[in-house]
Amino acid sequence: MFLTSDQIAKLEPRGRRFDGTDRRLPLKSALIEAGEFGPGQTAGRFYPMACVALEITQRCNLDCSLCYLSDRAEAAHDVPMPALIDRIESVLSHYGPGTSIQISGGDPTLRKIEDLEQLCHEIRARGMRSCLMTNGIRAKRPFLERLSAAGLDDIAFHVDLTQERKGYESEAALNNVRRDYLARARGLGLRVLFNTTIFDGNLSEISALAAFFRAHADEITLASFQMQAETGRGVLGSRGGAITQASVMETLELGVGCRLDFDTAQIGHQSCNRYASILTSGRKSVSALSNQALFHHVFPILERLERRIDGHSEIWETGLRLALFKPLLALRLAAHGIRRLWALRGGLIRTGRVHRMALLIHNFMDAEKLEEDRCKSCVFMVMTGDGPISMCVHNARRDEHLFQPVQMKEGWWSAATGQTTKTPAPELPGSLPFKRLKGRSRAAALSERQATD
């Protein structure tokens, strides 16, 4: 049963500050209510939120055929820096140190690099992680060098056919772009992630793309695959019937050349996210999470041993407590690791190296097909001026949140005008010139032009 528009309107942001003591409890409670807090669940057990998007601009230098931004988003003025810093404080209040903040947009590289440097510094100073979400066009090597020096932790490049980059007719051709991006980030101490939107036009290439990512597991930490959804201004709309979680999982297994244990470690609602991890050495890959029974036994014990209730667990601290209080179980985990390495012995003998890479499938909901339990147990939030809210809910009501007046020290700032007034004045922007139209609005304007010619 999908939520009605009235029910969606009742899903409000969670406030600018957290007023409880255990930051994990809200997510854990929602997952329990949804029947999703099983022994493999990591969300709400080891961290209060997987990540939070900090949208710093709605401007973009591409016009993707699948885009979660709204028709009006391009008209929004950039959020002022003081408001962004306040939102960073809100992330810290709700989810604590260790939280990953995705600096996103639009494409955040369209803002001044000094703004990005300051944001990276502010996030690092509060003990959280920063990830730049970008199509990479403006993220040249000197640009990334400056951000790395400012404290950037991760760089997530979004590259796929929905972006309609000129001269690239296949995902295989786009691998040249991906190789270039890897070279730009090489040696800067950044974790490199790649995002790919899966749609009917590239589904047949996803297996080969997974093989490409696996071949570069020494440099790529995570490969994220986002299934087509009908939300935002993109012209393609809803996905075809061939794109399902099951079909994508099977395709990825073919690409990496080994079984992927997507049912071992859970990140939030299984209808939303599926996670797997591989170890590679040479041309061989194995699942890092193949012993499901062992991990499903370990996770609840680790939760009981966990002492922190104010943020993300530190892996080494949790592992040390396991070794101290459950030494036999720690030995079983070590034995599992040794067996995984033994399976890679051929590659290890030749190269002396082993690499780990994660694969993540995101199944975003259509804007008009939101499910209540998935919205309430979301592990991917967007930080608004009124606090965090589920990404899928935010996309369904983007303009409402985007053009909500933002309270500043000087008054109320409006994204529609870029001005600050003494009293809040909610308003939507006027029409945009043709050259700034994106998505459906641009397609409609082109159609109208052709009809009058």
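Could you size up the charge dipole of the range 291-337 around its Cα centre, putting +1 on the beta carbon of Lys and Arg and -1 on that of Asp and Glu, and report it in debye to the nearest 20? Before the final figure, lay out each step's value.
Working: 6 positive and 5 negative charges, 40 e Å.
Dipole magnitude for the range 291-337 comes out near 200 debye.
Each residue, residue 183 and residue 247, gets one label point 7 Å from its Cα in the Cβ direction; the gap between the two is 3.6 nm. The residue 436 and residue 323 beta-carbon pair, evaluated with R₀ = 56 Å, returns a calculated FRET efficiency of approximately 0.45. Of the whole protein surface, residue 60 contributes about 30 Å² of accessible area at a 1.4 Å probe radius.
Between residue 445 and residue 215, what is the FRET efficiency for a Förster distance of 30 Å, r being their Cβ-Cβ separation, to the nearest 0.05? If you can, show how the numbers build up before the last one.
Details: r = 42 Å, r/R0 = 1.41.
Efficiency, from the Cβ-Cβ distance: 0.10.
Looking at the range 172-276, the accessible area is 36 square angstrom per residue; that uses a 1.4 Å probe and ignores ligands, DNA and RNA. The accessible-area ordering, largest first, of the residues 420, 57 stands as 420, 57, per a 1.4 angstrom probe. For the chain, 51, 60, 120, 131, 258, 272, 375, 378, 392 stand unpaired, since no other cysteine beta carbon lies under 4.7 Å from theirs. Given the alternatives (1) 18.5; (2) 52.1; (3) 22.9, mean projected area of the Cα convex hull in nm² as computed for this entry is given by (3). Of the listed residues 204, 224, the order by accessible area with a 1.4 Å probe, largest first, is 204, 224.
For the residue pairs 112/140; 10/376; 10/422; 166/435; 10/369, alpha carbon separations beyond 23 Å are given by 10/422.
Around residue 17, what is the net charge, scoring Lys/Arg as +1 and Asp/Glu as -1 over all other residues with Cβ under 13 Å from its Cβ? Around residue 17, the charge tally is 0. Residues of the range 58-99 with an amide N closer than 19 Å to a point placed 7 Å from the Cα of residue 33 along the Cα-to-Cβ direction: 94-95. Judged by the mean number of other Cβ atoms found within 10 Å, the most tightly packed of the peptides 325-335, 91-101 leads the ranking 91-101, 325-335. Within the range 156-185, which chymotrypsin sites (Phe, Trp or Tyr not before Pro) sit in a loop by DSSP and count at most 13 neighbouring Cβ atoms inside 10 Å? For chymotrypsin sites (Phe, Trp or Tyr not before Pro) across the range 156-185 that sit outside H, G, I, E and B with at most 13 neighbouring Cβ atoms in 10 Å, the list is empty.
When the helices in the chain are scored as -39500 (n - 2.57) per DSSP H run of 4 or longer and the sum is shared across all residues, what 222 nm value do you end up with, to the nearest 500 deg cm²/dmol?
On the way: 16 runs with 168 residues, N = 453.
Rounded to the nearest 500, it is -11000 deg cm²/dmol.
The values are calculated or read from the model by the stated rules, or taken from the named source; none is laboratory data. Everything numeric here is computed off the predicted structure, so don't read it as measured data. Note that each Cβ is placed from the backbone with ideal geometry, even for glycine, and that neighbours are counted across all protein chains shown. The area values use the complete protein model at the heavy-atom level, side chains included, leaving out ligands, DNA and RNA. Shrake-Rupley method; radii C 1.70, N 1.55, O 1.52, S 1.80 Å.
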